[in-house]
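Structure first, commentary second.
The values are calculated or read from the model by the stated rules, or taken from the named source; none is laboratory data. Not measured: the values here are computed from a predicted model. Using ideal geometry, Cβ is built from the backbone for each residue, glycine included, and neighbour counts are taken over all protein chains shown. Side chains included, ligands, DNA and RNA excluded: accessible areas come from the protein's heavy atoms. Shrake-Rupley method; radii C 1.70, N 1.55, O 1.52, S 1.80 Å.
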Amino acid sequence: MICIWDKKTPQDKLENKSLCGERILRPTSAYVIEELNGNYSYELTLPILPDDDTWKFIKPYNIIKSSQGQLFPIYKIEYDWSGSYPVVKAWGRHIWYYFADKLVFD
């Protein structure tokens, strides 16, 4: 289950496995990009449907919780209206990058 949390959610709520955040996302694609000693990020594509408002929660710095339980704050969003239905794409780096006390490079 892939969930999205508001950027101001306290840490203790993020760790609670019984809570699902603001919304449960049903993306058309979602995958983790993981490189040895390198990039650890998440890419998600969500359809924009008239009867489903979950795409409105895809905002910068909101936190995506992957199905493995890892947290990824969103840093980039793109909207694509060229296909058969519109989609929103979101990219997030692992939350470790925000907790690191020194500058981290890709």
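Rounded to the nearest percent, how much of the accessible area of the chain (1.4 Å probe, protein heavy atoms only) is carbon and sulfur?
Accessible surface attributable to carbon and sulfur in the chain totals 51 percent.
Which lysines, if any, have their Cα less than 18 Å from the Cα of Lys59, not counting same-chain residues under 8 positions apart?
Lys7, Lys8, Lys76, Lys89
Count charges around Met1 for me, please; just the other residues with Cβ under 14 Å from its Cβ, Lys/Arg as +1, Asp/Glu as -1.
+3
Which cross-chain or sequence-distant (5 or more) residues have an amide H under 5 Å from the amide H of Ile33, H modelled 1.01 Å from N in plane?
Ser41, Tyr42, Glu43
With a probe of 1.4 Å, find how much accessible area the chain has per residue, and write the answer as a whole number in Å².
Normalised by residue count, the accessible surface of the chain is 66 Å².
Alpha carbons only, please: Rg and Dmax for the chain, in angstrom.
Values for the chain (Cα only, Rg and Dmax): 13.9, 44 Å.
How much of the DSSP bridge set in the chain is antiparallel, in percent, rounded to the nearest 5?
Just about 95 percent of them are antiparallel.
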